[in-house]
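> Let me give you the structure first, and then I'll get to my questions.
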Amino acid sequence: MRIPKLLQAVLVLVFVYYGFIVVFDYILGAVIPRSLLTMYMFFATAGVFMVFTFDEQGAHELVAPIKAMVEQPRFRFIRNLVFLIIPIAVGYNVYGRTLPSFEAPVELRTIHPAPPSTAKIYGNRVNLLTLENPFRHTQTDDPELFAEYVAEGAEVYIMNCQYCHGDKLDGKGPFAEGLNPTPLNFQDIGTIAQLQESYLFWRITTGGPGLPQEAAPWISSMPVWQDFLSVDEVWKVILFLYDYTGHEPRSWGEADAGH
Amino acid sequence: MLDIRVLKALALTFFLSFTAGALLAQEGDLDRGEEIYIKRCLQCHGEDGDGLGPAAERLNPPPRDFSLGLYKFVTSGFDADMPNDGDMIRMITDGMPGTAMPGWGDMLSEQDILDVLVYIKYFAELEDEPETQTDFGVQVASSPESIAAGRVLFEENDRCTECHGAEGRGDGIKRLRDDNGDRTWPRNLTKPWTFRASNDPRDIFARISIGIPTTQMPSFADPASNKSLTIEERWNVANYVASLAKTEEVVNPANFVVQGTRAEGALPTTPDDEIWASLKSSTFMMVPQIVGGERFFTTANDTITVRALYDDAKVAIHLEWDDRTKSIPGDAKAASIADAELYEDAVAIQLPREIPTGMEKPYFLMGDGTDPVNLWRWSSGSTDKPESAGIVDAMGIEDQQPRGDSGDFQATGSFLNGTWRVVMTRSLRTSAPETDLQFEEGRFVPISFFAWDGSNSETGTGHSMTTWYWLQLKPAPSMKPIFYGALAGLLMFLVLIWWGAKGAARGRKARDDAA
């Protein structure tokens, strides 16, 4: 049996609606804000309408059941039912929207914003595209020295970073629950493993206030570490972050890896 | 090169040759334990296990000194001089809530933990088993009778109240030190999330029976003590202590909003007014200010509870937080308890200068040059001057300008049994909208909180703080939504009737034409 076009359209939209909810709430783990869902559904409805009314016959087929409902006496009961349900639904929706909301405003922010090509760090303009960890080469050149640097980085970390990012680098330090946004979990494959060392250097030295607008610099509690740590301490703590978690910093290209 | 590592290795060989038998009985591997210790533990507990890792000074409580072999949260007998392995395994696996010690159970395997356990015990050359064990007897289930009996024992002869205070908030104001000379504070028994073990009556029973080794918490099982208790009595006290846990004024991680209620009568002006307790409260976690200026890593206040009321003219915000000490500079008693310098206790509310229209808020730590904030500040006063209140204009943590004239802003506080309560009031609208926040019913206003414990030498930029939350002056219920809903429904109905009538007419015409 062929499904009527109108029912097809409705089914597609219902599928899209629950699709968004499943993808956001369950797969991505972030409840989709109502305003965003409304916007997505507006575009989805417009799209479905365009596809279904692509030719004249399609448009006819789509509206045929509606036409039949209002024009043919044998559908009178259904018509009366629909004419009651729609006003009630509209009225209830308006009622819901005029009720005062006690839900806190939703705040969306970019967690890993694109870095600028240059940044002012320790009073100098630094090119983040070419910046490299000056101690990284010891990993292959002088493993003993490298281990020493990592140990020095560990000391910097434990004195300054563990309060929020945690002894285990899992973002669950003793102060973490009091912060919003919560500190990053470096063990997670989605954080430092995806970033270059120069990116970490930029994020650590310029802290929350150094973030671009889309990352909401006003709420990040990451301190501006260039006020507290030396350049070397920052590079060594970066060595430690990768060493402890077992992640490798991302490099500009495979050809550059190992340098 | 005869460095400490070589010495340690020599000592180890020596030790091993004599105690191989004892060690073989253990399942842990010393070498693997050392490896794990160096990677996971050394930074805090130190190379020599003495608790003097680099961060020791910035941690409260400080990391454990393993070289003494004494542990706080144990189940061996009060007169034993070492813990059970199980006690140490639990501390490593679950960590210590309220401290920097995390639970390692999700990162280290059971074998890893056994290995590191052997290494940690080696620092104090702990061998064999504890000579005595704590007798838990028959557990007395919690009941109103048991709790009431426990309360009597808790207060009798100042047995527990001496340190833990009349209501258990740790405000028994005594200057306590542990065996290392480090300052310790009696536990606030109403905050079970800070208990290093747990507030399960069995854990509390263990603390009461054994005491907390290396601290001034004594054993109440020790027959030599003139305050000792029988097993049944200790279960009653444990049940009473467990019953002290706060239930309402606890942090709810899903709540970001302080809901201001429209007052039905006059706004209360005192912090002890009964109406406050009847309002919905929001409790937020406070953390040390370690972001800017002179940082302070070991602040004392860890939560703050907020309530708000408003009427046509004013808003009143009620702040409540537990503080073991009423810090009044100049007061001899307060000075005798304070750690070093004694300052006033203080609290502040941070608000933006205007309600943000977009997402952007002022910088969470006292604003900045482009987005200044208002701080509503109260401090407890000293023997020379009464409590004081005023508004501070801040453009960053190191740029704070107290106002000469704070308009009709007022704040007053009261201290009772280890809790400060402060109420702050101000007009909803002022004559200076360019510098003062103007409140609007229903709008969400960013709000955050700062607190200073003067007896913990917190002053200036050394304080605890929260991140941004929201304050909403909740509008009183009205008929408006019902009216608009009914109106929209009616309009829709009329449109449909009109459309339906036209459609029906078209249908008739089509049928007539066909006929």
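The values are calculated or read from the model by the stated rules, or taken from the named source; none is laboratory data. Note that the structure is a prediction, hence the values are computed from the model and not measured. For neighbour counting, all protein chains shown are included, and Cβ atoms are generated from backbone atoms with ideal geometry for every residue, glycine included.
> Is it the case, given these coordinates, that A:ASN180 is surrounded by fewer than 22 Cβ atoms within 10 Å (Cβ to Cβ), assigned to a loop (DSSP other than H, G, I, E, B) and more than 8 Å from every other protein chain (Cβ to nearest Cβ)?
Working: surrounded by fewer than 22 Cβ atoms within 10 Å (Cβ to Cβ): yes; assigned to a loop (DSSP other than H, G, I, E, B): yes; more than 8 Å from every other protein chain (Cβ to nearest Cβ): no.
For A:ASN180, the condition - surrounded by fewer than 22 Cβ atoms within 10 Å (Cβ to Cβ), assigned to a loop (DSSP other than H, G, I, E, B) and more than 8 Å from every other protein chain (Cβ to nearest Cβ) - is not met.
> For the stretch B:269-292, which residues satisfy the criterion of being within 14 Å of chain A (Cβ to nearest Cβ) and surrounded by 17 or more Cβ atoms within 10 Å (Cβ to Cβ)?
Across the stretch B:269-292, the qualifying residues are B:SER282, B:THR283, B:PHE284, B:MET285, B:MET286, B:VAL287, B:PRO288, B:GLN289, B:ILE290, B:VAL291, B:GLY292.
> Would you pick out the residues in the stretch B:491-515 that are at the interface with chain A (Cβ under 7 Å from one of its Cβ atoms) and under 60 Å from the mean Cα position of the chain (by Cα)?
B:MET492, B:PHE493, B:LEU496
> Is there a residue being over 30 Å from the mean Cα position of the chain (by Cα) and either within 14 Å of chain A (Cβ to nearest Cβ) or at pLDDT 95 or above (or both) anywhere in the stretch B:74-84?
So far as the stretch B:74-84 goes, no, none of its residues is over 30 Å from the mean Cα position of the chain (by Cα) and either within 14 Å of chain A (Cβ to nearest Cβ) or at pLDDT 95 or above (or both).
> Out of (1) away from every other protein chain (no Cβ under 14 Å); (2) of a type in the set (Val, Ile, Thr); (3) in contact with a strand residue (DSSP E or B) (Cβ under 8 Å, 6 or more places away or on another chain), the odd one out for B:ILE328 is which?
Of (1) away from every other protein chain (no Cβ under 14 Å); (2) of a type in the set (Val, Ile, Thr); (3) in contact with a strand residue (DSSP E or B) (Cβ under 8 Å, 6 or more places away or on another chain), only one is false for B:ILE328: (3).
> Working only within the stretch A:165-177, note down all residues that are closer than 17 Å to B:TRP104 by Cα and either at the interface with chain B (Cβ under 8 Å from one of its Cβ atoms) or in a loop (DSSP other than H, G, I, E, B) (or both).
A:GLY166, A:ASP167, A:LYS168, A:LEU169, A:ASP170, A:GLY171, A:LYS172, A:GLY173, A:PRO174
> May I ask you to verify whether B:LEU487 is farther than 30 Å from B:GLN438 by Cα and more than 7 Å from every other protein chain (Cβ to nearest Cβ)?
The answer is yes for B:LEU487.
> Quick one: which strands (runs of 3 or more DSSP E) lie wholly within the stretch B:366-481 and hold at least 1 residues that are out of contact with any helix residue (DSSP H, G or I) (no Cβ under 6 Å at 6 or more places or on another chain) and among the acidic types (Asp, Glu)?
Ranges flagged: B:388-394.
> Going by the conditions given, is A:PHE77 within 14 Å of chain B (Cβ to nearest Cβ), surrounded by fewer than 16 Cβ atoms within 10 Å (Cβ to Cβ) and touching a strand residue (DSSP E or B) at 6+ places or on another chain (Cβ under 9 Å)?
Judged against the criteria, A:PHE77 is not a match.
> Follow-up question, since we're still on this one. So which residues in the stretch A:88-127 are more than 9 Å from chain B (Cβ to nearest Cβ) and either over 35 Å from the mean Cα position of the chain (by Cα) or of a type in the set (Ser, Thr, Tyr) (or both)?
A:THR110, A:SER117, A:THR118, A:TYR122
> Another question, then. Can you say whether A:VAL106 is out of contact with any Lys or Arg (no Cβ under 6 Å at 6 or more places or on another chain) and either at pLDDT 85 or above or over 30 Å from B:LEU471 (Cβ atoms) (or both), as far as the supplied structure shows?
Numbers: out of contact with any Lys or Arg (no Cβ under 6 Å at 6 or more places or on another chain): yes; either at pLDDT 85 or above or over 30 Å from B:LEU471 (Cβ atoms) (or both): no.
Considered against the rule, which asks whether it is out of contact with any Lys or Arg (no Cβ under 6 Å at 6 or more places or on another chain) and either at pLDDT 85 or above or over 30 Å from B:LEU471 (Cβ atoms) (or both), A:VAL106 comes out as no.
> Further question: Only one residue in A:ALA44, A:ALA68 is within 25 Å of A:VAL23 (Cα to Cα) and either surrounded by 15 or more Cβ atoms within 10 Å (Cβ to Cβ) or facing chain B (nearest Cβ under 10 Å) (or both), so which one is that?
None of the other options fit; the residue is A:ALA44.
> Do you know which residues across the stretch B:232-253 are in a helix (DSSP H, G or I) and among the polar types (S, T, N, Q)?
Result: B:ASN236, B:ASN239, B:SER243.
> Moving on to the next point. Here is a check on your reading of the model: is A:ILE85 closer than 30 Å to B:VAL258 by Cα, more than 7 Å from every other protein chain (Cβ to nearest Cβ) and either assigned to a helix (DSSP H, G or I) or within 25 Å of the chain's Cα centre (by Cα) (or both)? Give the steps one after another, and end with the answer.
On the way: closer than 30 Å to B:VAL258 by Cα: no; more than 7 Å from every other protein chain (Cβ to nearest Cβ): yes; either assigned to a helix (DSSP H, G or I) or within 25 Å of the chain's Cα centre (by Cα) (or both): yes.
No, not satisfied.
> Please find, within the stretch B:41-55, the residue that is nearest to A:ALA151 (Cα to Cα) out of those that are out of contact with any helix residue (DSSP H, G or I) (no Cβ under 7 Å at 6 or more places or on another chain) and either away from chain A (no Cβ under 11 Å) or of a type in the set (Gly, Ala, Ser) (or both).
B:GLY46
> I've got another one for you. It is to be established whether one or more residues within the stretch B:431-444 are closer than 18 Å to B:PRO271 by Cα and surrounded by 15 or more Cβ atoms within 10 Å (Cβ to Cβ). Give the steps one after another, and end with the answer.
Of the residues in the stretch B:431-444, the ones closer than 18 Å to B:PRO271 by Cα are none.
No, that holds for no residue.
> I'd like to verify a number: residues in the stretch B:95-144 that are within 14 Å of another protein chain (Cβ to nearest Cβ) and outside any helix (DSSP H, G or I), how many?
14
> Could you grab the pairs with beta carbons closer than 6 Å, sequence gap of 6+ or different chains, first residue in the stretch B:499-515 and surrounded by 13 or more Cβ atoms within 10 Å (Cβ to Cβ), second one modelled with pLDDT of 85 or more and outside any helix (DSSP H, G or I)?
B:GLY507/A:GLN72
> Additional query: Out of the residues in the stretch A:131-172 that are among the small types (Gly, Ala, Ser) and surrounded by 21 or more Cβ atoms within 10 Å (Cβ to Cβ), state the one that is nearest to A:MET222 (Cα to Cα).
A:GLY166
> Which number in (1) surrounded by fewer than 22 Cβ atoms within 10 Å (Cβ to Cβ); (2) in contact (Cβ under 8 Å) with a residue 60 or more places away in the chain; (3) more than 14 Å from chain A (Cβ to nearest Cβ) marks the one condition that B:GLY454 misses?
Checking B:GLY454 against (1) surrounded by fewer than 22 Cβ atoms within 10 Å (Cβ to Cβ); (2) in contact (Cβ under 8 Å) with a residue 60 or more places away in the chain; (3) more than 14 Å from chain A (Cβ to nearest Cβ), the one that fails is (1).
> Search the stretch B:459-484 for residues being within 7 Å of chain A (Cβ to nearest Cβ) and closer than 19 Å to B:SER448 by Cβ, and hand back the single one that is surrounded by the fewest Cβ atoms within 10 Å (Cβ to Cβ).
Initial filter on the stretch B:459-484 (within 7 Å of chain A (Cβ to nearest Cβ)): B:466-468, B:470, B:472, B:474-475, B:480-482, B:484.
Keeping just the survivors that are closer than 19 Å to B:SER448 by Cβ gives B:466-468, B:470, B:472.
On the way: B:THR466: 22, B:THR467: 22, B:TRP468: 18, B:TRP470: 20, B:GLN472: 21.
My answer is B:TRP468.
> Could you check the stretch A:193-232 and list, in sequence order, the residues that are within 13 Å of another protein chain (Cβ to nearest Cβ), more than 20 Å from A:TYR122 (Cα to Cα), among the small types (Gly, Ala, Ser) and assigned to a helix (DSSP H, G or I)?
The answer is A:ALA215, and nothing else.
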